[in-house]
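Here, each number is a calculation from the coordinates, and none is a lab measurement. From a predicted model like this one, the values you see are computed outputs, not experimental measurements. Every residue, glycine as well, gets a Cβ built from its backbone with ideal geometry; the counts of neighbours run over all protein chains shown.
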Amino acid sequence: MVPLRPAFADLPGTLPVFPLPGALLLPRARLPLHIFEPRYLAMIEDCLKHPMRMIGMVCPIGPETEGRLSSIGCAGRLVQFSETEDGRYMITLAGISRFRLGAEVEGFTPYRRFNVDWGSFQGDIGPSEADPGLDRKALLGLVTRYLASRDLASDWQGLSEAPDEVLINALSMLCPLSPEDRQALLESPDLTTRRETLVVLIEFALRGGSGDEILQ
């Protein structure tokens with residue numbers, strides 16, 4: 001049985017890639033997805049046959065999902081799977097590690113596959129990070145104001161006392177930010193930088209800047 005968090009040396013050199021605007025997966029976080037396009041249904045079926053069961057989540061650049069892709073994505077392991085009566089899949093990915101896209105692999109699959117390089121993100125495989133400068137009350141207050149400005153409710157029950165990484169990553173993934181903003185959060189080199197980036201993005205949006213809502 002392959003462990004939930006594989007060793008760095010065991011990470012595959014090639015990944016199936018799911019380009020999805022606005023979706024953000026981070027290491028050690030979980031992302032639920034609703035799969036209904038035939039090509040991605042095929043991708044899930046192929047993924048289930050592989051012992052690693054890994055998929056690369058990547059944000060497209062521009063409106064076309066088959067065009068250019070961001071150079072950095074995050075791989076997730078398929079840890080939950082269910083099928084609806086009409087043939088759709090409900091899955092959950094557990095974030096394993098970020099990667100850098102290499103060359104696209106030519107083949108006969110209806111979905112895209114790429115060679116990937118994990119070398120810049122070896123820390124993603126390690127233990128959870130902490131953020132010594134985290135002010136929980138201030139961060140949650142800022143996010144609450146931001147959500148209220150979008151007429152969105154906030155419920156932090158069970159999250160306010162979560163470990164630093166769980167809290168910051170959950171807020172990064174849940175806040176309605178643009179794909180470009182979410183990519184900036186993904187590419188943050190460490191947890192403190194991610195929290196600082198999130199604060200800057202929200203404060204900018206509250207001052208009337210960008211931050212269009214993106215539904216996953």
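Work out the length of the dipole vector of the range 109-216 about its Cα centre, built from +1 on the beta-carbon of each Lys and Arg and -1 on the beta-carbon of each Asp and Glu, and round it to the nearest 20 debye.
Numbers: 10 positive and 18 negative charges, 51 e Å.
Its charge dipole is roughly 240 debye.
Can you show me the helix-derived [θ] at 222 nm for the chain, built from DSSP H runs with n ≥ 4 at -39,500 (n - 2.57) apiece and divided by the number of residues, rounded to the nearest 500.
Values: 5 runs with 62 residues, N = 216.
Calculated from helices alone, the mean residue ellipticity at 222 nm is -9000 deg cm²/dmol.
If I take R0 = 41 Å and measure r between the Cβ atoms of Ser154 and Thr84 in this structure, what FRET efficiency does the formula 1/(1 + (r/R0)^6) give, to the nearest 0.05? Each step should come with its number before you reach the end.
Numbers: r = 30 Å, r/R0 = 0.72.
Working from the Cβ atoms, E equals 0.90.
I'd like the orientation of helix 38-49 relative to the chain: the angle between its Cα long axis and the longest Cα principal axis, in ° from 0 to 90, rounded to 10.
80 degrees
What FRET efficiency, computed as 1/(1 + (r/R0)^6) with R0 = 25 Å and r the Cβ-Cβ distance, is obtained for Arg100 and Glu203, rounded to the nearest 0.05?
0.25
Please give me, ordered by residue number, the GluC sites (Glu not before Pro) of the range 99-208 that lie in loop per DSSP and have at most 10 other Cβ atoms within 10 Å. Spell out each step's value before the answer.
Details: sites: Glu104, Glu106, Glu129, Glu161, Glu165, Glu180, Glu187, Glu196, Glu203; in loops: Glu106, Glu129, Glu161.
Here the GluC sites (Glu not before Pro) that fit, given the DSSP loop and packing criteria, are Glu106, Glu161.
With a Förster radius of 25 Å, plug the Cβ-Cβ distance of Leu134 and Glu187 into 1/(1 + (r/R0)^6) and report the FRET value to the nearest 0.05.
Numbers: r = 20 Å, r/R0 = 0.79.
Computed FRET efficiency for Leu134 and Glu187 comes out at 0.80.
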